[in-house]
Amino acid sequence: MGRTSHRAARRLQLETLEARTLLDGGLAAAPLDFSGLRLDQSTPHPTHILVHFQPGAPVAPALHGTAIGDKLPLVNSLYEVNLAPGVSVAMALAAYKADPVVLSAEADATVQVKQFPNDPKFALENNLYNTGQNGGTVGADIKAPAAWDVTHGNTSIIVSEMDTGIDYNHPDLYQNIWINQPEIPKSRLANLKDVDGDGVITFVDLNNPVNRGAGKITDLNGDGLITAADILAPMQVDANGNDTGGGGWAHNSTQDGDKAHPDDLIGWNFVANNNKPFDDNGHGTEIAGVLGATGNNGTGVVGVAWQTQLMAVKFLDSSGSGDIPTFIKALSYAVAHGAKVSNNSWGGGSGYSSSLFSAIKAAQAKGHIFVVAAGNDTANLDNAPQYPASFGLDNIVSVASVDRVDALAGYSNYGPATVAIAAPGENLWTTQVGGKYGTDSGTSLATPEVSGAVVLVWGLHPDWTYSQVINQVLGTATRGTYVQGKVVSGILNVGAAVGAPVIPVQPPQVIPPTPTPPPVVPPPVTPPSAGVTFSSAAAKNLEYYGSAISSISVNANLTVSNLQVQINVAHNRDSDLFIHLQAPDGTQVVLVNRRGGSGANFQATTFDDHAGTAIAQGTAPFAGSYRPESPLTAFNGKNTSGLWRLWVDDQVGNGNGAIASWSLTFNAGT
């Protein structure tokens with residue numbers, strides 16, 4: 001789906017997605033550790049440590065305020081050492097490690113169950129648990145398994161999906177679709193059992209055999225499941241209009257008091273004005289999967305919230321477009337029917353609307369949290385506001401996108417004072433219409449991760465105000481250098497947000513057998529005037545609606561003062577391509593933002609700040625020297641050493657291509 005070049009001020013549109021994979025593919029991924037346990041040493045036990053004395057040596061306290069406790073079995077001379085109040089773990093460890101009769105002293109580590117779901121595509125979801133899949137950085141994720149150690153979500157917090165609808169028959173979504181409790185026919189409710197005891201009738205309950213049969217609900221479409229399609233079917237009634245116990249639950253009911261929306265059992269379609277908010281675009285289903293695909297069901301992917309209630313509110317049509325009055329009606333419906341949170345992966349452009357502002361402010365007065373995409377225009381919203389992300393209300397949480405190495409995605413809007421938080425949004429695996437799965441990118445995909453975190457936090461603390469919930473999510477975000485100065489808080493850390501221990505991912509460490517002197521760092525090398533060039537000739541294919549990432553490892557200790565980049569990229573339509581360069585510290589510069597019209601290929605194309613022609617004024621095929629979209633001087637003063645990455649994204653999907661080769665020339669002409 002291509003980037004929308006202009007949004008009229010009065011039209012609301014879904015946030016265009018950056019790189020959709022349409023097929024249910026099987027990407028290779030790094031194996032995950034499903035052993036089920038982990039050692040958590042981030043919060044050591046405060047009342048004791050473990051000390052291993054030399055066998056035969058006297059066992060005695062090495063510090064006042066400590067006492068030798070239980071001797072542990074199996075290991076000779078291994079003891080618990082108890083600490084008196086006021087004696088810290090650090091003090092005790094220092095004292096016992098200095099004792100010559102002690103072999104080792106260590107803090108007590110907690111052994112915990114590691115909550116990995118059995119969903120087969122979880123291994124591909126690097127946004128949730130990044131093991132380095134597909135070129136990612138280990139730990140560049142939202143720390144979802146740590147959150148799942150604490151909660152999987154619950155049905156107490158309803159989240160409205162303000163979008164193009166949801167495929168409510170999808171095998172990974174149907175159990176988490178909201179049911180409007182007051183609209184359940186009384187003749188059926190009397191026969192239904194709340195199987196899991198959560199106080200509401202959900203599709204989890206309806207799929208239990210105890211709730212199937214006449215006078216309850218049956219599988220009317222023959223898919224073997226009880227889904228929204230079954231309960232939305234017409235009720236079978238007799239000549240007097242009485243329920244015969246057959247068919248679905250729809251019988252022109254407004255028993256919830258909402259006369260404008262009869263039989264609104266799972267939400268409402270504000271485009272067609274009916275009770276079937278089915279997704280006829282695909283966007284809403286993708287967003288729903290990131291937020292709330294059912295976890296640990298042995299099927300497909302997993303969402304941030306394994307268990308939740310997704311209210312399907314369709315206000316965008318099949319093209320992904322809507323208007324302000326329709327949205328206001330949709331938001332009013334969601335708030336009136338108990339949605340505490342809304343996910344809004346759409347934007348209205350730069351035009352300010354006082355009506356839209358007033359509607360979101362009215363929702364604020366009801367304690368409603370409005371999570372919204374920051375947008376995909378590489379814009380600083382501090383200087384160029386877009387709405388509704390830039391309204392500035394304290395119930396709005398605007399979300400930027402980061403990639404699989406925790407750097408701000410090249411397309412993402414940002415704003416150090418206005419965009420609240422960032423979350424992964426690059427090539428996320430999720431649900432698609434028709435029971436399918438695929439990948440997509442954009443701030444649209446990052447937004448439901450934050451909505452899911454809000455749902456998990458509020459489910460744990462139902463008495464909290466909306467401000468407390470937002471503060472918890474933003475206050476626990478990971479402060480990374482890659483988004484420093486780009487968003488208000490940092491990168492979403494849902495594990496910390498729900499109060500789980502934060503376990504930093506550390507690379508393996510090699511401990512030398514004997515101490516070695518510190519390495520001698522040579523002084524910076526003064527390069528020759530021609531510059532120093534590093535190249536990559538390993539071709540990287542660019543798949544349909546996909547990305548290609550090529551890396552160059554630079555082992556020279558230089559300081560950048562003038563950088564030139566040369567690329568050879570084959571593609572049949574240059575205007576489909578978004579190309580950016582990332583330094584080892586995460587700094588990114590956009591080289592090309594969809595230029596060249598229908599022409600093909602970049603042929604020995606050099607990007608140089610001193611070139612006479614800007615890339616925007618060039619024509620394809622591009623050959624020779626051009627000034628990039630943003631200046632390469634952003635890299636000046638940085639050290640060259642480390643991994644440099646060239647990213648090429650096909651944002652439209654009109655064909656295939658490849659990165660044939662590319663090179664970096666540092667300090668040319670100095």
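Observations, loosely collected:
- The range 247-281, residues that are closer than 19 Å to D172 by Cα and touching a strand residue (DSSP E or B) at 6+ places or on another chain (Cβ under 6 Å): I266, G267, K276, P277
- Yes/no for G139 being out of contact with any helix residue (DSSP H, G or I) (no Cβ under 7 Å at 6 or more places or on another chain), open to solvent by less than 20 Å² (accessible area, probe 1.4 Å), among the small types (G, A, S) and modelled with pLDDT under 90: yes
- Test: residue in the range 645-661 that is in contact (Cβ under 8 Å) with a residue 40 or more places away in the chain, hydroxyl-bearing (S, T, Y) and under 22 Å from S536 (Cβ atoms): yes
- Residues in the range 646-670 that are at pLDDT below 80, surrounded by fewer than 20 Cβ atoms within 10 Å (Cβ to Cβ) and among the polar types (S, T, N, Q): N654, N656, T670.
- Of the residues G224, G267, G300, G295, the single one that is among the small types (G, A, S), surrounded by fewer than 19 Cβ atoms within 10 Å (Cβ to Cβ) and under 34 Å from the mean Cα position of the chain (by Cα) is G224.
- With respect to being over 32 Å from the mean Cα position of the chain (by Cα), part of a loop (DSSP other than H, G, I, E, B) and either aliphatic (A, V, I, L, M) or closer than 21 Å to Y626 by Cα (or both), S535 falls outside the description.
- The one condition in (1) part of a loop (DSSP other than H, G, I, E, B); (2) closer than 24 Å to D377 by Cα; (3) touching a residue at least 40 places away in the same chain (Cβ under 8 Å); (4) open to solvent by 20 Å² or more (accessible area, probe 1.4 Å) that T619 fails to fulfil: (3)
- Identity of the residue in the range 555-575, surrounded by fewer than 23 Cβ atoms within 10 Å (Cβ to Cβ) and not polar (S, T, N, Q), that ends up farthest from N656 (Cα to Cα): L558
- Wholly within the range 228-280, strands (runs of 3 or more DSSP E) carrying at least 3 residues that are in contact (Cβ under 8 Å) with a residue 12 or more places away in the chain: 243-247, 267-269
- Counted as qualifying within the range 364-450 are the strands (runs of 3 or more DSSP E) with 2 or more residues that are charged (D, E, K, R) and in contact (Cβ under 8 Å) with a residue 60 or more places away in the chain, namely 436-440.
- Identity of the residue in the range 176-198, within 30 Å of the chain's Cα centre (by Cα) and part of a loop (DSSP other than H, G, I, E, B), that ends up surrounded by the most Cβ atoms within 10 Å (Cβ to Cβ): W178
- Unique residue being of a type outside the set (A, V, I, L, M), touching a Phe, Trp or Tyr at 6+ places or on another chain (Cβ under 6 Å) and modelled with pLDDT under 85 when the list is G586, G597: G586
- For A123: the one exception among (1) assigned to a loop (DSSP other than H, G, I, E, B); (2) modelled with pLDDT under 95: (1)
- Test: residue in the range 313-327 that is open to solvent by less than 10 Å² (accessible area, probe 1.4 Å), closer than 29 Å to H251 by Cβ, among the aliphatic types (A, V, I, L, M) and in a strand (DSSP E or B): yes
- Lone unmet requirement of (1) open to solvent by 10 Å² or more (accessible area, probe 1.4 Å); (2) touching a strand residue (DSSP E or B) at 6+ places or on another chain (Cβ under 6 Å) for N242: (2)
- Condition met for A407 (in contact with a Phe, Trp or Tyr (Cβ under 7 Å, 6 or more places away or on another chain), open to solvent by less than 10 Å² (accessible area, probe 1.4 Å) and over 24 Å from T164 (Cβ atoms)): yes
The values are calculated or read from the model by the stated rules, or taken from the named source; none is laboratory data. In this text, all values refer to a predicted model and were calculated from it rather than measured experimentally. Note that we place each Cβ from the backbone using ideal geometry, even for glycine, and neighbour counts take in every protein chain shown. Just the protein is used for accessible areas: all its heavy atoms, side chains included, with ligands, DNA and RNA removed. Shrake-Rupley method; radii C 1.70, N 1.55, O 1.52, S 1.80 Å.
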